[in-house]
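Down below is the structure, laid out as structure tokens.
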Amino acid sequence: MTALICALATPAPAAKPLPPCPPRQAQLFIAPMGQPFRAAADAADPAGAWFAQADADRDGRITPAEFAADADRFFTTLDTDRDGELIPAEVSAYERNVAPEIRLYAPRAPGPLRAPTRKERKAAGEYGMPLGAGRWSFLNIPEPVAAADADFNRGVTRAEFAAAAADRFRQIDAAQAGGKRGTLDPATLPKTPAQAAVTACDPTRVAPPPKRPR
């Protein structure tokens, strides 16, 4: 009985304090198939713009068919020569002109590209760390367009892109709060690492901007 009373009297461990919030800056969301959506720091989360685009019937959810149609529309945008395949030049154009932020060591804040620090190179080798587009997307896929190249022939066919879309829908659906739903719901979608960084933090404290290497 004495032991029980002592146990009840022991105070619960203090909750771990939240880290300071990162400085507010322009927002970025990379859709599951690679399309970037950008917004100002004080605007609504750009993930909502992607959701509204993909939700063709405006019923507040994305079905597998709507997800596939949105992927196919973006494929057509990238397939500039209209031959039904994204060749290396078109993939490079995507990386260079459409979503340059996905480059592995692009800075997190606006500014010129820089070489990675030793600490960043070491951290990049750790399993599970979000890289490239994975920092702003639901899935940790560093280059979402090139990753659809299932046969590794350096070309992405429309069929490969569609297959990748179906697989990514299943992964996101499984990662939703509450588990699989068969549709994507904005209230249950997983958070991107960038979204998590600005929600799981102490708003009364702001982290200083990262120092740039000299």
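The table for this structure:
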read-out: Condition broken by Ala43, with the remaining ones in (1) modelled with pLDDT of 95 or more; (2) in contact with a strand residue (DSSP E or B) (Cβ under 9 Å, 6 or more places away or on another chain) satisfied; value: (1)
read-out: Ile102, sole failed condition from (1) open to solvent by less than 50 Å² (accessible area, probe 1.4 Å); (2) among the β-branched types (Val, Ile, Thr); (3) modelled with pLDDT of 95 or more; value: (3)
read-out: Within segment 13-98, helices (runs of 4 or more DSSP H) holding 3 or more residues that are crowded, with 18+ Cβ neighbours inside 10 Å; value: 47-54, 64-78
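The values are calculated or read from the model by the stated rules, or taken from the named source; none is laboratory data. Quantities reported herein were computed from a predicted structural model and do not represent experimental measurements. All Cβ positions, glycine included, derive from the backbone under ideal geometry; neighbour counts span all protein chains shown. With ligands, DNA and RNA removed, areas are computed over all heavy atoms of the protein, side chains included. Shrake-Rupley method; radii C 1.70, N 1.55, O 1.52, S 1.80 Å.
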